[in-house]
Amino acid sequence: MDRKFSVTEESSSKHPHDWGRAMAVAISRLVEMAHEAGDVVEHENLYGEDLHLFVRETEEGADITMSWTPRDTKDPSPKRSDWEI
């Protein structure tokens, strides 16, 4: 079964270099959502995963939406050599 987690955080700035906090909070919340859904996942499980970013302009800043569809594998955390360039 495909599961998709999605969360939106607000940034009070329209400048991309100021969006880091909103992105970090959103990523942390993705892991929390996976926990709540019953998955055994930690932030390390995000290595090698595709995280999708959607930015929507607001009147005072931007809404940062991060979404993640976990891969369905027995070992969801790839070895470092699997994702190194």
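Place a label point 7 angstrom from the Cα of residue 67 along the Cα-to-Cβ direction, then list the residues of region 1-40 whose backbone nitrogen is under 19 Å away.
Residues passing the 19 Å test: 1-11, 23-35, 37.
Would you work out if region 1-62 is rounded, prolate or oblate? Take a ≥ b ≥ c from the square roots of the eigenvalues of the alpha-carbon gyration tensor; rounded if a/c is under 1.5, else prolate when a/b is larger than b/c, oblate otherwise.
Judged from the Cα gyration tensor, region 1-62 comes out prolate (a/c at least 1.5, a/b above b/c).
Which length gain, in nm to one decimal place, applies between residue 28 and residue 57 when the Cα-Cα distance is subtracted from 0.36 nm times their residue separation?
Length difference between fully extended and current span is 8.2 nm.
Quick note: the coordinates plus some simple rules give every number you see, no bench work behind them. Values in this document were obtained by computation on a predicted structure and should not be read as measured data. Because the Cβ atoms are built from the backbone with ideal geometry, glycine has one as well, and the counts that use them run over all protein chains shown.
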